[in-house]
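The values are calculated or read from the model by the stated rules, or taken from the named source; none is laboratory data. Small disclaimer: the values here were computed from a predicted structure and weren't measured. Virtual Cβ from ideal backbone geometry, glycine too; neighbours counted across all protein chains shown. SASA here: full protein model, heavy atoms, side chains in, ligands and nucleic acids out. Shrake-Rupley method; radii C 1.70, N 1.55, O 1.52, S 1.80 Å.
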Amino acid sequence: MNQTVIAIFNKGTEAETAVKQLLHEGYLKQNIDISEEGIDDYSSSSSGKFYKDDGDSIGSFFRYMFGTGSKVRDFSDVARRGCVVTVHVESKHDAERAADILDLFGAVDVNEKASYFRNYEHHEKVTVGVESESNRSKSMIIEKPVKEDLRLRSERNDL
């Protein structure tokens with residue numbers, strides 16, 4: 001697969017609904033990963049930073065996809081507090097269609113959420129510079145396949 005679509009949802013139930021729609025639209029189950037880690041709901045209170053650079057699966061995945069820098073931190077922080085869906089496809093058209101579905105079903109704006117978490121944690125406003133691979137503010141399309149050992153998966157047989 002040459003294209004990877006990444007979306008993060010506030011709750012696992014939102015992600016599951018989006019995945020069901022992807023399956024209904026003809027995407028193959030083996031090309032969709034759903035992973036829940038950390039806090040299931042953004043409204044849950046927490047303290048301390050969630051970003052850690054110690055080789056956990058979320059951090060490893062985003063370091064592989066983005067390299068280094070603030071994008072890795074932002075996506076890792078938001079992913080640890082929500083549910084990540086990745087869709088692996090061959091064409092840009094299929095990636096765009098999958099991203100549209102994920103956005104429609106509630107994918108969060110990662111830059112906005114990361115900024116909110118930093119503001120909450122530091123109790124001060126932070127201005128965030130946005131570096132984007134596309135014009136999308138929610139689901140991210142990356143022209144890079146994911147290594148099999150880095151795919152974010154949960155064993156779910158009910159979708």
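Answer yes if at least one residue in the range 136-143 is open to solvent by 60 Å² or more (accessible area, probe 1.4 Å), of a type outside the set (Asp, Glu), at pLDDT 85 or above and not in a helix (DSSP H, G or I), and no otherwise. No, every residue in the range 136-143 fails to be open to solvent by 60 Å² or more (accessible area, probe 1.4 Å), of a type outside the set (Asp, Glu), at pLDDT 85 or above and not in a helix (DSSP H, G or I).
Filtering Gly59, Gly26 for residues that are small (Gly, Ala, Ser), modelled with pLDDT of 85 or more and either surrounded by 13 or more Cβ atoms within 10 Å (Cβ to Cβ) or touching a helix residue (DSSP H, G or I) at 6+ places or on another chain (Cβ under 7 Å) (or both) leaves a single hit, Gly59. When Asp77, Asp100, Asp94, Asp109 are screened for being among the acidic types (Asp, Glu) and in contact with a helix residue (DSSP H, G or I) (Cβ under 6 Å, 6 or more places away or on another chain), only Asp77 passes. Would it be correct to say that Val19 is touching a helix residue (DSSP H, G or I) at 6+ places or on another chain (Cβ under 6 Å) and at pLDDT 90 or above? Taking the combined requirement at face value, the residue does not satisfy it.
Using the structure shown, decide if Val146 is under 15 Å from Ala18 (Cβ atoms) and at pLDDT 70 or above. Against the criterion (under 15 Å from Ala18 (Cβ atoms) and at pLDDT 70 or above), Val146 does not qualify.
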